[in-house]
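The values are calculated or read from the model by the stated rules, or taken from the named source; none is laboratory data. Not measured: the values here are computed from a predicted model. Cβ placement follows ideal geometry from the backbone for every residue including glycine, while neighbour counts extend to all protein chains displayed. Each accessible area value is taken on the protein alone, full model and side chains, heavy atoms only, with ligands, DNA and RNA left out. Shrake-Rupley method; radii C 1.70, N 1.55, O 1.52, S 1.80 Å.
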Amino acid sequence: MTLETDNNGVTCYIGLGSNLDNPLSHVQSAIHELKNLSDCKFVEASSIYQSAPVGPPGQDDYINAVICLTTTLSPEQLLDQLQHIENSHQRVRIERWGARTLDLDILLFGNSIIDTARLIIPHAFIAERNFVLVPLTELNSNLSIRGEAITYLLQHCPAGTLQKLDLT
């Protein structure tokens, strides 16, 4: 994967999603909170998208975005910070891929490849999620993930439903 690491930290990408209790508000609030994370520097946020849910039936649509930041935190420390933000949004983990107030996923963390019980980077399902690949490509169309250009992954990703929201 092609990502930058320099004296200012590691470039990483965080996926955001919500489909409960005013999901747009949760995502916008989380973006604001991510801009203020300690030991992190906010770089850019993608547009905000609406997508059909992946997972158990009967869920409302999701609101999604991706942000880019640099950090001097370790991947596990960043995960701890993200889970703290999720918890502040009353995130409850009941079922896999179930409805949630806020989901924050580390998609990419520099050139790191991590596969532990707690953390998988690059995100395990990144190539199968257009609601991740589209905003990620919006931020950096030159990324390479697991040896594949992000534009190639996007072309071969299941289409799903995805709508860019006009928030102007």
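Residues that are β-branched (Val, Ile, Thr) and in a strand (DSSP E or B): does the range 74-95 have at least one?
No, because not a single residue in the range 74-95 is β-branched (Val, Ile, Thr) and in a strand (DSSP E or B).
Need pairs with beta-carbon distance below 9 Å; first residue without any contact (Cβ under 8 Å) to a residue 60 or more places away in the chain and within the range 103-117, second open to solvent by 30 Å² or more (accessible area, probe 1.4 Å) and assigned to a strand (DSSP E or B); sequence gap 6+ or separate chains.
Ile114/Ile120
Criterion first (at pLDDT below 95 and either closer than 28 Å to Gln163 by Cβ or touching a His at 6+ places or on another chain (Cβ under 6 Å) (or both)) does Arg118 satisfy it?
Answer is no for this residue.
Looking only at residues in the range 126-143 that are open to solvent by 50 Å² or more (accessible area, probe 1.4 Å) and without any contact (Cβ under 8 Å) to a residue 40 or more places away in the chain, which one is farthest from Val54 (Cα to Cα)?
Ser141
Residues Arg100, Arg118, Arg146: which one is in contact with a helix residue (DSSP H, G or I) (Cβ under 9 Å, 6 or more places away or on another chain), among the charged types (D, E, K, R), more than 15 Å from Ile14 (Cα to Cα) and open to solvent by less than 60 Å² (accessible area, probe 1.4 Å)?
Result: Arg100 is the single residue among Arg100, Arg118, Arg146 that is in contact with a helix residue (DSSP H, G or I) (Cβ under 9 Å, 6 or more places away or on another chain), among the charged types (D, E, K, R), more than 15 Å from Ile14 (Cα to Cα) and open to solvent by less than 60 Å² (accessible area, probe 1.4 Å).
Yes or no: Asp60 under 18 Å from Pro23 (Cα atoms), touching a Gly at 6+ places or on another chain (Cβ under 7 Å) and not small (Gly, Ala, Ser)?
It is false that Asp60 is under 18 Å from Pro23 (Cα atoms), touching a Gly at 6+ places or on another chain (Cβ under 7 Å) and not small (Gly, Ala, Ser).
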